[in-house]
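Report on the following structure.
The values are calculated or read from the model by the stated rules, or taken from the named source; none is laboratory data. Just so we're clear, the structure is a prediction, and the values are computed from it rather than from any experiment. Positions of Cβ are backbone-derived with ideal geometry, glycine not excepted, and every protein chain shown enters the neighbour counts.
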Ligand code: 4AD
Ligand code: MG
């Protein structure tokens, strides 16, 4: 039997990431042999030499590959077009060209896959973000989405690091749920019933006892209620998972499937909760500035020339804290013609939130003590009988980035509120028992992951900060 030689050009073992070559070329050494692999961004040149910009996604920067045409088969080089995937062996050389420190002079090229220039949709010219959404399967290969996806990864990592360093435990909460306690919007139903022939009860209702779980179930809108159960045992926990809302909101800030981070802390009051939220957001933005600078610089140049300034500003200034009531007074006194008129009791719209943040205070704002009618049943009731200990963190360009509250820990008050809102008590028995047995003051909040990424990247549409967006009428890819 012949033993295959795995140490050929196909082998991963010899490959060096382009990031490493560009950042620390001295580790490889000028004049030494290297193997790089990636996708061709551009090819240009003359009749003697070709210059290939090769990118492997490890960094926003492509490396220049110099090909002496005399040493290569013409047919092979015809396959090396924009979009092709190739492996290059060559010599690492100091680059005479501006804008790059080193380049690779090719001695061998292998084409894994060509990309016919007649039909490959990602040509060199700039494409609109709208067009790129239609080719979401290929857009990770653009500089913009490479940058966004690397930043997204770094933010996810930083979130786990932040909480782990603080002694919070990561709790996995269920995605399929039997309760709609949050009231955060319409839910997606989960069923294995034959929807063309639904079983009915004697009274003509759908008979969910025959469904997979023996009851009606949905995709969760939040991990909070389960998170609270864990916080009332482990003290400080967080969740980080997908959440689903079937609201028909076609806005640049809403997704039907988004990721949420929900810390929940026993023994925290609303002030502790605000302090944590502010520290957490500043940490994450600082982390991006420290670890994603090349990508941020690229996005600033392409989309938003105030990006770095805004990120630095947020990390260096205290958030403004005021009550909902005070904010409504200010909005009413502003003389602004809002699309949605403001009065005490209305839910604030993004135009109001952004007015406060961008025009009045010119920095992030935390609003507290909202009317109980516009907030969820579990929020701690204030003595005034009309407001609850809620907190929303509002950010420039985004509006609400975090929603949270201190929780009602008093069993009697919580049950009374559940009855007022006609929430079926029998669905909530497990949640209520935490208030019956060893209840504790506690608080928590939810950070919308994509809204964080929107803010950090300076992108304008939430569809462009998640790899494969789910929005009304759109679930391709
Ligand atoms: O304010 P929300 O609805 O709060 C909750 O779900 C609480 N259970 C959180 C908690 O206290 N543990 O949502 C929290 C955050 C919002 O501030 C926003 O950033 C984001 O989630 N969010 C969305 N992001 C994208 N698309 C949507 N449709 C979103 N709805 C909310
Ligand atoms: Mg909210």
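Check whether at least one residue in the stretch 170-185 is buried (at least 19 other Cβ atoms within 10 Å of the Cβ), more than 11 Å from ligand 1 (Cβ to nearest atom) and part of a strand (DSSP E or B), and report yes or no. There is at least one residue in the stretch 170-185 that is buried (at least 19 other Cβ atoms within 10 Å of the Cβ), more than 11 Å from ligand 1 (Cβ to nearest atom) and part of a strand (DSSP E or B).
State whether one or more residues within the stretch 347-365 are in a strand (DSSP E or B) and crowded, with 20+ Cβ neighbours inside 10 Å. Yes, because at least one residue in the stretch 347-365 is in a strand (DSSP E or B) and crowded, with 20+ Cβ neighbours inside 10 Å.
Being modelled with pLDDT of 95 or more, over 28 Å from residue 317 (Cα atoms) and within 16 Å of ligand 1 (Cβ to nearest atom) is the requirement here; does residue 380 meet it? Yes, satisfied. Of the strands (runs of 3 or more DSSP E) that lie entirely inside the stretch 193-292, those containing 1 or more residues that are within 30 Å of residue 396 (Cα to Cα) span 236-244, 257-266.
Residues are listed down the side, and each one gets a yes or a no for (1) surrounded by fewer than 15 Cβ atoms within 10 Å (Cβ to Cβ); (2) in the same structural domain as residue 36 (by TED's automatic domain parsing):
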| site | (1), (2) |
| --- | --- |
| 77 | no, yes |
| 84 | no, yes |
| 94 | yes, yes |
| 106 | no, yes |
| 109 | no, yes |
| 118 | yes, no |
| 126 | yes, no |
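Just a yes or no: is a residue in the stretch 375-395 part of a strand (DSSP E or B), surrounded by fewer than 18 Cβ atoms within 10 Å (Cβ to Cβ), within 16 Å of ligand 2 (Cβ to nearest atom) and touching a residue at least 24 places away in the same chain (Cβ under 8 Å)? Within the stretch 375-395 (the criterion being part of a strand (DSSP E or B), surrounded by fewer than 18 Cβ atoms within 10 Å (Cβ to Cβ), within 16 Å of ligand 2 (Cβ to nearest atom) and touching a residue at least 24 places away in the same chain (Cβ under 8 Å)), the answer is no, since none of the residues qualifies.
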